[in-house]
Amino acid sequence: MDFALFQEVLNLHLRYAQALDSNDISAWPDFFTDDGIYKLQSRENFDRQLPLCILSFESKGMLLDRVYGVVNTIYHDPYSQRHVCGAPLITRAAGGQMECESSVGGVRTPRAAMTRVM
């Protein structure tokens, strides 16, 4: 694996987390292609190959719609959050595409409450 490519993937992961941590939610869809898929799924459902997801978006347009909803229609108490990203593991790279995985941990701190693990 070429080190420059690894650095690009690592930088992508870190910029993604930084956008979320700085509450720059409008930048979130820009990390995806127009036909990109975003799924938030329990580990149990993933391991058992069950399709149910907590969130499932099948295009950048759906991500933009989610951003609109979060910014303009959903109310939640203010909080700070921080993601801690492990180094990405590139598991396959061929034909101009790659697969990689990374461990991510996060904490959320509401203004009037204790920090909790996300």
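The values are calculated or read from the model by the stated rules, or taken from the named source; none is laboratory data. The structure presented is a predicted model; accordingly, all values stated were derived computationally and were not measured. Cβ coordinates were reconstructed from backbone atoms using ideal geometry, including for glycine residues, and neighbour counts include every protein chain displayed. Please note that ligands, DNA and RNA were not included when accessible areas were found on the heavy atoms of the full protein model with its side chains. Shrake-Rupley method; radii C 1.70, N 1.55, O 1.52, S 1.80 Å.
A few notes on this one:
- Residue within segment 65-74 that is among the aliphatic types (A, V, I, L, M) and in contact with a Phe, Trp or Tyr (Cβ under 8 Å, 6 or more places away or on another chain) present: yes
- When segment 79-118 is filtered for residues that are of a type in the set (Val, Ile, Thr) and open to solvent by 60 Å² or more (accessible area, probe 1.4 Å), the ones remaining, listed by number, are VAL84, THR91, VAL104, THR115, VAL117.
- Residue in segment 28-51 that is among the acidic types (Asp, Glu) and under 13 Å from the mean Cα position of the chain (by Cα) present: yes
- When LEU5, LEU64, LEU10, LEU40 are checked against the criterion of being open to solvent by 80 Å² or more (accessible area, probe 1.4 Å) and either touching a helix residue (DSSP H, G or I) at 6+ places or on another chain (Cβ under 7 Å) or in contact (Cβ under 8 Å) with a residue 12 or more places away in the chain (or both), a single residue qualifies: LEU64.
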